[in-house]
Amino acid sequence: MSTTGFLQKQGSAYLLVLLVMISAFSLVAGMQQVLFRKTTALRIQNNEMNLRNALILGLQQGMQLLSEDEDPGVDSFADEWMKPLTFETTDGIYLEVRLEDAQVGFNLNLLSLPLPETAPRTYFDMFEDLLKSYDVYPDSQELKNIQARIQINEVWFENHETLLLLSPESGDYLKAMDSLSALPRPQSEPLKVNLNTVRPEVLQAMVGTTFTQWVNMILAAREETEIQNPGAYMQHLPIAVQPLVLSMVGASSEYVNAVIIAETDYTQKTLTALLHRNDEGEVEVLRCRW
């Protein structure tokens, strides 16, 4: 064999070895990438599960805080359960628990209820005045259309954003969303707003713009101390208005919104829930959304 032929065979052998090594390295690199992706996916899945478990823990802590309220007959901003609760879990997840009175806004489910013809105001009057406080001015035909859809379809608002579906042409309703609620449909009497926490614009809409002085009196009174007997404030209203307003106001809240936030260094997840507290202080979850 000539020297040239030997060198060619030797070069071919080296090239073959090099190709084998490159293939091996590519295979190893590919396996590493697959392993890295699987590890990352498992880490994300595990982190998601830890966050969900932390949110459930936060919800349980909030429910316990609400059930331990010493005086469930009166609820105000001074109550312990209305103060944010923050803590860190054993897994290093930061938790923030916020309980918010759900009876601070106008319950849209009132719109499906009739009032006696002798009533000084209708629920639609209140609804219209509340919208006007946000510079939203629906025309009478639009309000009639909403009323007709509610009555014909027997609509029950499970979410206050359903209002946008009933009247999609009025995107301005978004301005008033914070003052609207969608609590369970009242049965024998309207679900009352809490005088200690109700939004001022909602209270004003209930009584009408004529009684601004009465609204200011309520706001000033609850700044000094919690209101325990709403009936004591009715004497400052005309007799014709008193029964309607008294049927709509109370001093406590049985419905509470829970907002739970779980956070790590690189991820955040939120859980919202509607809680109900009965007269015995027992708390249950009515609605929950991740």
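By the count of other C-beta atoms within 10 Å, a proxy for reagent exposure, Ile150, Ile239, Ile260, Ile56 are ordered fewest to most as Ile239, Ile56, Ile150, Ile260.
With one equal scatterer per alpha carbon and no solvent term, the Debye-computed log10 I(q)/I(0) for the range 216-268 at 0.17, 0.20, 0.30 1/Å reads -0.66, -0.81, -1.22.
Relative contact order for the range 106-250: what is it in percent, counting Cα pairs under 8 Å that are at least 6 residues apart?
Working: 144 pairs, mean separation 43.3, N = 145.
The value is 30 percent.
The order of Ser179, Ser67, going from fewest to most other C-beta atoms within 10 Å of their C-beta, is Ser67, Ser179. Among the listed pairs Lys83/Lys269; Lys144/Lys175; Lys144/Lys269; Lys83/Lys144, those whose Cα-Cα separation exceeds 30 Å are Lys144/Lys269; Lys83/Lys144.
Listing His236, His160 from the residue with the fewest other Cβ atoms within 10 Å to the one with the most, what is the order?
His236, His160
Panel values: the range 73-116, Kirkwood radius from alpha carbon pairs, Stokes-Einstein at 25 °C and 0.890 mPa s, translational diffusion coefficient 177 µm²/s.
Diffusion coefficient of the range 66-145 by Stokes-Einstein, Kirkwood radius over Cα pairs, 20 °C, 1.002 mPa s: 128 µm²/s.
Once the cut-off is 27 Å, how many percent of the Cα-Cα pairs in the range 158-290 end up in the long-distance tail?
Values: 2990 of 8778 pairs.
Counting pairs separated by more than 27 Å, the tail of P(r) holds 34 percent.
Computed from the coordinates by the stated procedures, all read-outs in this text should not be read as laboratory data. All values reported here derive from a predicted model rather than from experimental measurement. All Cβ positions, glycine included, derive from the backbone under ideal geometry; neighbour counts span all protein chains shown.
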